[in-house]
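See below for the structure under consideration.
The values are calculated or read from the model by the stated rules, or taken from the named source; none is laboratory data. Computed from a predicted model, the values in this text were never measured in an experiment. Cβ placement follows ideal geometry from the backbone for every residue including glycine, while neighbour counts extend to all protein chains displayed.
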Amino acid sequence: MVKSVAKPVSQKSKSSEYVEWDSKVSGLGLRVRSKQRTWIVQARVSGKSRKVTLGRIEELSKDEARQKARTVLLDWKQGAMPVDLSETVQEFGTRYLNECAGQWKPATLRAHKHNLRVDVFPHLGTRRVEDLDRSSVEAWYKSPNASTALRTRALAVLSGMLRHAEIVGLRAPGSNPCKGLRRRKSGFKAKYLTPQEWARLGSAMRSLEGDYTAPVTMIRFLALTGCRSSEARLLRWDWIEGKRAALPDAKAGPRTIWLGKPAREILASLPRTCEYVFAHKEGPIPDSTLYKVWCNARRVADLEDLRLHDLRHGFASTAIGAGESLRTVAGLLGHSDLETTAGYAHLAKAPVKAAAKRVGTYLDNTLNNRKRVGRPPKNQTPADEVLARYLAGKTHLVEFCKSEGINSKTFHKKLVKWHKDQRGTK
């Protein structure tokens, strides 16, 4: 089906890339490009030259490459459509978005399209998908002209696209040049409110509540639950189940919003005018209305740089400050993995400070051979004769009171008070 186009020596002298054709399987060749050696199959199908990559020489032995080549050639002979290896990154990127669109939410699809159009296609779009290697991807990724956040997101999209290229046969399995390329941290930006700032925000919302009841109530609900604004805005009454709201679909799939008593009181105060909890006429509160009220609230509270999403961060920081674990906070926020919640780890200062104090004190006492100093003995109140008899025995309180001829409830109160006195509590 295929002949060698040139002998290795003569081809090597003219170009940095050449092919060593196999002597046993016509169409099988070892392509040598710089320091990479890759098995390929090339043949003419329906009058057109077709080529497919089988894998790197480190992955396939010569016998394995011959077997795979025979399989590919037989498929082509039987009419299987060969893969068009001339597809560029831009051409395949459009195909990738169309073929995988059903796997993503609409917002995710829009973001992927934006990342490819703005950051990938202008730099790598004319390169053939098959030829995209680590050096070219790394040079694009480390370019100082792009923002860290944009390039990091684009890298994830490009990596997914090249994994799909492996699936459809445009690239050899395991050849993704994005694999292992360390993503640059884009930082975890959030504003955390002080108690005084929370109080100012609460005062601002109360001043606006008369004119904007539904939006202000929703903002207060966001602060008390830590849910996303889109989750609250589209919340329906039939999703409320007692102490939780069961969302059938959220950013990371179905999730639960746990409702504390203050959040449940907010819901109980709302009229049920339509299917949406936070309603405007017959539908959810428009984004524009919510944004307008939020801007007014933060202006009145003198918190101009505060984002609505920072209420979610504030909920998380409060939970962590109260000693809740990252796993618990992840459950409250609806995070699908702990890596996302780990952005709040720096807030857990109180437990770390306490641990540092305990460890430091212990080691200091050990190094200086000090004995641990216990608490001074408390001034204990001696029990009266009746209490002393009860404490010395094993009789049940009710039976003891019957035998002594005293009121069990009065004696129980006296016993509780005596125990509190022993602990030094009031």
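For this structure, a couple of remarks:
- Residues in region 121-167 that are over 25 Å from the mean Cα position of the chain (by Cα) and part of a loop (DSSP other than H, G, I, E, B): Gly125, Thr126, Arg127, Leu132, Asp133, Ser143, Pro144, Asn145.
- Selection within region 230-251: residues that are of a type in the set (Gly, Ala, Ser) and surrounded by fewer than 20 Cβ atoms within 10 Å (Cβ to Cβ). The member of this set that is farthest from the chain's Cα centre (by Cα) is Gly242.
- Only a single criterion out of (1) part of a helix (DSSP H, G or I); (2) touching a strand residue (DSSP E or B) at 6+ places or on another chain (Cβ under 7 Å); (3) modelled with pLDDT under 85 is not satisfied by Ala214, namely (3).
- Restricting attention to region 262-282 and to residues that are without any contact (Cβ under 8 Å) to a residue 24 or more places away in the chain and touching a Lys or Arg at 6+ places or on another chain (Cβ under 9 Å), the residue that is surrounded by the fewest Cβ atoms within 10 Å (Cβ to Cβ) turns out to be Thr273.
- In region 290-300, the count of residues that are within 27 Å of the chain's Cα centre (by Cα) and not aromatic (Phe, Trp, Tyr) is one or more.
- Taking the listed residues Ala107, Ala111, Ala65, the one that is of a type in the set (Gly, Ala, Ser), surrounded by fewer than 14 Cβ atoms within 10 Å (Cβ to Cβ) and in a helix (DSSP H, G or I) is Ala107, with no other qualifying.
- Residue within region 82-93 that is free of Cβ contacts under 8 Å to residues at least 24 places away in the same chain and polar (S, T, N, Q) present: no
- At least 1 residues being closer than 24 Å to Arg255 by Cβ and among the basic types (Lys, Arg) is the threshold, and among the helices (runs of 4 or more DSSP H) wholly inside region 270-336 those reaching it are 310-321, 326-333.
- For region 196-215, the tally of residues that are of a type in the set (A, V, I, L, M, F, W, C) and out of contact with any Lys or Arg (no Cβ under 8 Å at 6 or more places or on another chain) stands at 4.
- Search result, residues across region 404-419 that are aliphatic (A, V, I, L, M), part of a helix (DSSP H, G or I) and surrounded by 11 or more Cβ atoms within 10 Å (Cβ to Cβ): Leu415
- Checked against the criterion of being modelled with pLDDT of 75 or more, under 47 Å from the mean Cα position of the chain (by Cα) and more than 30 Å from Ser325 (Cβ to Cβ), region 349-363 contains not a single residue that satisfies it.
- The residues on offer are Glu99, Glu130, Glu166, and the sole one that is at pLDDT 85 or above and closer than 24 Å to Trp39 by Cα is Glu166.
- Residue in region 24-36 that is farthest from Gln78 (Cα to Cα), counting only those that are surrounded by fewer than 22 Cβ atoms within 10 Å (Cβ to Cβ) and either at pLDDT 85 or above or more than 45 Å from the chain's Cα centre (by Cα) (or both): Val32
- Whenever a residue of region 349-376 is within 30 Å of Gln422 (Cα to Cα), its partners that are of a type in the set (D, E, K, R) and modelled with pLDDT of 60 or more, lying with C-beta atoms within less than 8 angstrom and at least six residues away or across chains, give the pairs Asn365/Lys371; Arg370/Asp364.
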